[in-house]
Number of protein chains: 2
Amino acid sequence: MRQAVLAKKASRALAVLSSDVKQRVLLAMAESLAASSADIVFHNEIDVEAARQAGLPSAMIERLVLDPKRVQGMVDALKEIALQKDPIGELLETTTRPNGLVIEKVRVPLGVIAMIYESRPNVTVDATALCLKSGNAVLLRGGSEAINSNRAIIKALSKAIADASLPEGTVQLLDDTSREGVMELIRLPQLVDLVIARGSEDMILHVMKHATVPVLGHGKGVCHVYVDEKADLGMAEKIAFNAKVQRPGVCNAMETLLIHEALLADFLPCIVTLYKEAGVEIRGDEAVCRLVPGATAATEEDWHTEYSDLIVSVRHVASVTEAIQHINRYGSGHTDAIITQDAAAAQQFLLNVDSAAVMHNASTRMHDGGVFGLGAEIGVSTRKLHARGTMGARELTTTKYLVHGTGQIRQ
Amino acid sequence: MRQAVLAKKASRALAVLSSDVKQRVLLAMAESLAASSADIVFHNEIDVEAARQAGLPSAMIERLVLDPKRVQGMVDALKEIALQKDPIGELLETTTRPNGLVIEKVRVPLGVIAMIYESRPNVTVDATALCLKSGNAVLLRGGSEAINSNRAIIKALSKAIADASLPEGTVQLLDDTSREGVMELIRLPQLVDLVIARGSEDMILHVMKHATVPVLGHGKGVCHVYVDEKADLGMAEKIAFNAKVQRPGVCNAMETLLIHEALLADFLPCIVTLYKEAGVEIRGDEAVCRLVPGATAATEEDWHTEYSDLIVSVRHVASVTEAIQHINRYGSGHTDAIITQDAAAAQQFLLNVDSAAVMHNASTRMHDGGVFGLGAEIGVSTRKLHARGTMGARELTTTKYLVHGTGQIRQ
């Protein structure tokens, strides 16, 4: 694939680019993107209209739409990433050995990153910015439904790349949006160092199954909020509502609410009233169903399910230990929260829940690259290798040992 | 698999074990292993005798043999790892966000590690020690040729585990040494968090191809030494000889020697004389073959080949840039060295060679967990994700975000 060869070549130059140059190009991209706002919105309307005609689901169309405010959000992300500390060249460890060898471990780019995604055109900007910041070349394979939006965005970003005389393989949008195109891309281990897949679970599983290149997949979220016996009930209500209702279609939304049995009488009716007003369907265990008119019985499958919708499963537990056991058994290792004023219970929960992010007195919705200060995120990993949780520029790097000797040999 | 279930259960307890307890158990293991030295050597002799009868290759038998000195080496590794800093709980980052959220990133264990290896019984000790240090449960699947040695070692190590009342799933040697046993082990993504494969390239490729669990494979090494125009020729001779001859069968031995063209007349005859005395076969490019009587012409395939034997390929280059290009094209990304007194050339080489370890004025043989101060190594990764280069206890960990809030929700 010609574009992958260009990317590999560009990656050698990008790996040794100075922090200053990268910062300047990212700020120029922000400027160019802001200046192209009207053009981007215009081309986005073509995509949105085609998506409506094709009858795409409304949630997908919602993710596709750009307006001047969303373009401004992309401009802001570019500026924030531009001003972050450069991860490349960071000295992670240094050791001087008894034989005089000096061993340094430094952060270096991965090389070429292929980004496979759907709908959301802002990923085009986020991926470009995070890859450039981390000294990687990027191959962008967006969905066919966003092709006009993505082309308009890349046109604006490419101007900044050309003005700075960066190699032409620095950022490339792939024209081929077919499934065969994806298959080719993910089977180029000599040219591509990492594939990141972000979109439907089907697409991610397909990529993981067929790739010969290492893959980081944006993981699904079966997230929990546990309301402890010692919770501030006002706070618990606010968080349990926010985690479920504020944006139910995303991976860090809560799917299962765990309630300490001592709170069934006090807390459950209040949160149920709020849920019902917001149109949330409730599936409960036996005790919950007895107390909530209209609730249906949750099945074993419910506890494993990411609804991505206004549905919540509710279970009562006898202790924080039981809550932890439920989460480690049924969760997806994404994001789980405890609401409590009891420091010991919080500590037990944070230590023992085996998830990418564990929260005390905050909504699961807060697990996000922007909220965490990464400027943007390239995805959220629920796997444990290489990167776990929200991924920014630093997660697009690897390390290298630099060894300084004076003639040392092995005895 | 019953043993994987036990390991998973044990991993929950090991994840929250204090540094003190882990240190004490590792020191007790060292003591118990030292006390069992005669028993281990006795059982090892049974394996070695059977291997001889079965006609196994002599290199494999060499790796299998234990004597009191090698057992002492294992005892020393246990002690060194015991005294290292505990990687678990290390606070990697902490951020306070404008909304008051405090976000910590801490180091946590992976969970359950399956170690698949061949011959060398010391891996049984190294893997046990590094996994315990990093709070992971381990399933050890050694080769059938070392089963009596491994059983004797595990008997000694298990005593320390039982004395400290650690869970029975902490360290388990699998009795099933069949290929089917491996297939089962590497397809348990709910129970096993990581597979490490260390042994023949065939075995590693087999594991990588069939595993549904993430795999870290010990990579092959096509390592280079580049002797620069400005090299100290005495040092270059010592290093080029050591890197090829001291132990040709291991991954960090040199396969290709690159020589600056200005040194062909001075340096080449000296190193060739040494190589010939040591019985090293020489394959060269055209210029080298003209100067070295008896050298055969290297083919394109030679530059890609890990000989693991007393064979070296030799090429002349016109500059450090050409050396870097050769290495990035033909190398396996393992370990490469430059010999030079020119700081600028060294800097260019260290920055641009895309390998796990890049060395200046040291033998490639120095890329080793023991030499680097890790106490032992669980393998050397030539891939870029998760871990690169020699892997110790820290490479057996992942991270977790701990988020401390006061009721924050997403707006």
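In the elastic network of chain A, a GNM with C-alpha springs shorter than 10 Å, the most mobile of A:Glu395, A:Glu49, A:Glu93 is A:Glu93. So which residues in segment B:5-26 end up with at least 30 square angstrom less accessible surface once the other protein chains are there, compared with the chain by itself, probe 1.4 angstrom? At a threshold of 30 Å² (probe 1.4 Å), the residues of segment B:5-26 that become less exposed are B:Arg12, B:Val16. Legend: residue pairs A:Lys22/A:Lys85; B:Lys133/B:Lys400; B:Lys8/B:Lys220; A:Lys209/A:Lys384; A:Lys209/B:Lys105; A:Lys133/A:Lys159, Cα-Cα distance threshold 22 Å; pairs beyond threshold, B:Lys8/B:Lys220; A:Lys209/B:Lys105.
In this Cβ point-charge picture (+1 for Lys and Arg, -1 for Asp and Glu), chain A has a dipole of about 1720 debye about its Cα centre. Using a cutoff of 8 angstrom between alpha carbon atoms and counting only pairs six or more residues apart, the relative contact order for segment A:50-185 works out to 21 percent.
Where both bridge residues fall in segment B:284-399, DSSP classifies roughly 35% of the beta bridges as antiparallel. Pick from A:Gly100, A:Gly331, A:Gly181: which is most flexible by mean-square fluctuation in a GNM of chain A where alpha carbon atoms under 10 Å apart are linked? Looking only at A:Gly100, A:Gly331, A:Gly181, the biggest GNM fluctuation is shown by A:Gly100. When both bridge partners sit in the protein assembly as shown, DSSP labels roughly 25% of those beta bridges antiparallel. Each Lys or Arg adds one and each Asp or Glu takes one away; over the other residues whose Cβ falls under 12 Å from the Cβ of A:Val225, this sums to 0. Only bridges whose two residues both fall in segment B:116-233 count here: according to DSSP, what percent of them are antiparallel, nearest 5? Looking only at bridges with both residues in segment B:116-233, the antiparallel portion is about 0 percent.
Using a label point 7 Å beyond Cα on the Cα-Cβ vector, give me the inter-copy distances for B:Ser319 in nanometres, one decimal, shortest first. Spelled out, the distances from B:Ser319's label point are 7.1 nm. Ellipticity at 222 nm from helices only: DSSP H runs of n ≥ 4 in chain B, each -39500 (n - 2.57), divided by the residue count, give -12500 deg cm²/dmol. Measuring heavy-atom accessible area with a 1.4 angstrom probe and counting protein chains only, the residues of segment B:236-250 that give up at least 30 Å² relative to the chain alone are B:Lys238, B:Asn242, B:Gln246. Rounded to the nearest 10 degrees, the angle from helix B:122-133 to the longest Cα principal axis of chain B is 50 degrees.
Summing charges over all other residues whose Cβ lies under 11 Å from the Cβ of A:Gly169, with Lys and Arg as +1 and Asp and Glu as -1, gives +3. Across segment B:164-170, rounded Karplus estimates of 3J(HN,Hα) from the backbone phi angles (6.51 cos²θ - 1.76 cosθ + 1.60, θ = phi - 60°) give 8, 6, 6, x, 5, x, 4 Hz, Gly and Pro being marked x.
Between the amide H of B:Ala337 and those of B:His224, B:Val225, B:Tyr226, B:Met359, distances stay under 5 Å, these residues lying 5 or more places away or on another chain, with hydrogens modeled in the peptide plane.
Under 12 Å Cα-Cα from B:Lys230, which aspartates and glutamates qualify once same-chain neighbours fewer than 8 residues away are excluded? Reachable aspartates and glutamates: B:Glu261, B:Asp342. With axes computed from alpha carbons, what is the tilt in degrees of helix A:37-53 against the longest principal axis of chain A, rounded to the nearest 10 within 0 to 90? The answer is roughly 60 degrees. Give the aspartates and glutamates reachable from B:Lys244 as a straight Cα distance under 17 Å; neighbours fewer than 8 places away on the same chain don't count. Here the aspartates and glutamates satisfying the reach criterion relative to B:Lys244 are B:Glu255, B:Glu277, B:Glu281, B:Asp302, B:Glu306, B:Asp309, B:Asp336, B:Asp368.
Only one residue of A:Ala34, A:Met60, A:Gly142 has its Cα farthest out toward the positive end of the dipole of segment A:19-154, where Lys and Arg carry +1 and Asp and Glu -1 on Cβ, and that residue is A:Gly142.
Using protein heavy atoms only (no ligands, DNA or RNA), what is the total accessible area buried between B and A, 1.4 Å probe, nearest 100 Å²? Interface between B and A: roughly 5600 Å².
Hey, can you list the residues from segment A:359-377 whose accessible area shrinks by 50 Å² or more with all protein chains present, relative to the chain by itself (probe 1.4 Å, no ligands or nucleic acids)? The answer is A:Met366, A:Val371, A:Phe372 - residues whose exposure falls by at least 50 Å² when every protein chain is included. Summarise the accessible area of segment A:1-121 (1.4 Å probe, protein heavy atoms) by the percent that is carbon and sulfur. C and S atoms contribute 56 percent here. When the charge dipole of the protein assembly as shown is built from unit charges on Cβ atoms (+1 for Lys and Arg, -1 for Asp and Glu) and taken about the Cα centre, the candidate among B:Ser332, A:Pro293, B:Val106 whose Cα reaches farthest toward its positive end is B:Val106. Build a GNM of chain B with springs between Cα atoms under 10 Å apart, and of B:Thr398, B:Thr273, B:Thr256 the one that fluctuates most is B:Thr273.
Looking at the calculated P(r) for chain A, what percent of the C-alpha pair distances fall above 30 Å? Everything past 30 Å amounts to 48 percent.
Solvent exposure of chain B amounts to 38 Å² per residue of accessible area, where only protein heavy atoms count and the probe is 1.4 Å. Across the identical copies, the label point of A:Glu62 (7 Å from Cα in the Cβ direction) is separated from its matches by 6.6 nm, in order from shortest.
Chain A residue nearest the rotation axis toward B, with distance: A:His386, 2 (Cβ to axis, whole Å). Per the Kirkwood formula applied to alpha carbons, the protein assembly as shown shows a radius of gyration over Rh ratio, Rg over Rh, of 0.99.
The values are calculated or read from the model by the stated rules, or taken from the named source; none is laboratory data. All values derive from a computational prediction rather than experimental measurement. Ideal geometry is used to build each Cβ from the backbone, glycine not excepted, and the neighbour counts take in all protein chains shown. We work out accessible area using only protein heavy atoms, side chains counted, and drop any ligands, DNA or RNA first. Shrake-Rupley method; radii C 1.70, N 1.55, O 1.52, S 1.80 Å.
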